[in-house]
1. Under the condition of being in contact (Cβ under 8 Å) with a residue 24 or more places away in the chain and in a helix (DSSP H, G or I), which residue from region 19-30 is farthest from residue 2 (Cα to Cα)?
2. Considering only region 1-60, how many residues are touching a strand residue (DSSP E or B) at 6+ places or on another chain (Cβ under 7 Å), loosely packed, with under 14 Cβ neighbours inside 10 Å and within 15 Å of residue 98 (Cβ to Cβ)?
3. Restricting to region 81-101, name every residue that is under 8 Å from the mean Cα position of the chain (by Cα), in contact (Cβ under 8 Å) with a residue 60 or more places away in the chain and closer than 21 Å to residue 68 by Cβ.
4. Give the residue, chosen from 106, 38, 78, that is touching a residue at least 60 places away in the same chain (Cβ under 8 Å) and either touching a helix residue (DSSP H, G or I) at 6+ places or on another chain (Cβ under 9 Å) or in a helix (DSSP H, G or I) (or both).
C-alpha cells in the first residue's frame, strides 16, 4: 500500500485490512518519497485524472500555469516533488491495482 501515514483514507484502509488479518507493506511518501519509477507505474496503471488529487491543498497551492499544463510528463515530476498530490491509498494486490478506499475491489481481491 502506498500513501501518507496521517491521511484519513489511508488510516481507514489500514484498519479495514487489519480487521481482515491481511498482511501488507506500507510505503509512506513523506518518509520514502515517490521515485520516478513508482510515478511511472502509477501513471501506467491509472488515468492521470485518477492519480492526481485535485481536491487537496497541495494542488490548490500550485501556480495556475502548472495546473493548466498538466500532462504525463509534468505529473511525474510533480508527484516526485509533491507526493501529497498523489491520491491515496494506492494498493498493489498480486499485480491488481486499486486506488482509493474501494471496498468492493478490495473485498474481491482480499479473501
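1. Only one residue fits best here, namely 30.
2. 0
3. Across region 81-101, the qualifying residue is only 86.
4. After applying the criteria, what remains is 106.
Results for (1) closer than 15 Å to residue 3 by Cβ; (2) more than 13 Å from the chain's Cα centre (by Cα); (3) at pLDDT 95 or above, shown as yes or no for each residue.
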residue: 32; (1), (2), (3): yes, yes, yes
residue: 39; (1), (2), (3): yes, no, yes
residue: 48; (1), (2), (3): no, no, yes
residue: 51; (1), (2), (3): yes, no, yes
residue: 59; (1), (2), (3): no, yes, yes
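The values are calculated or read from the model by the stated rules, or taken from the named source; none is laboratory data. Quick caveat: nothing in here was measured; it's all calculated off a predicted structure. Ideal geometry is used to build each Cβ from the backbone, glycine not excepted, and the neighbour counts take in all protein chains shown.
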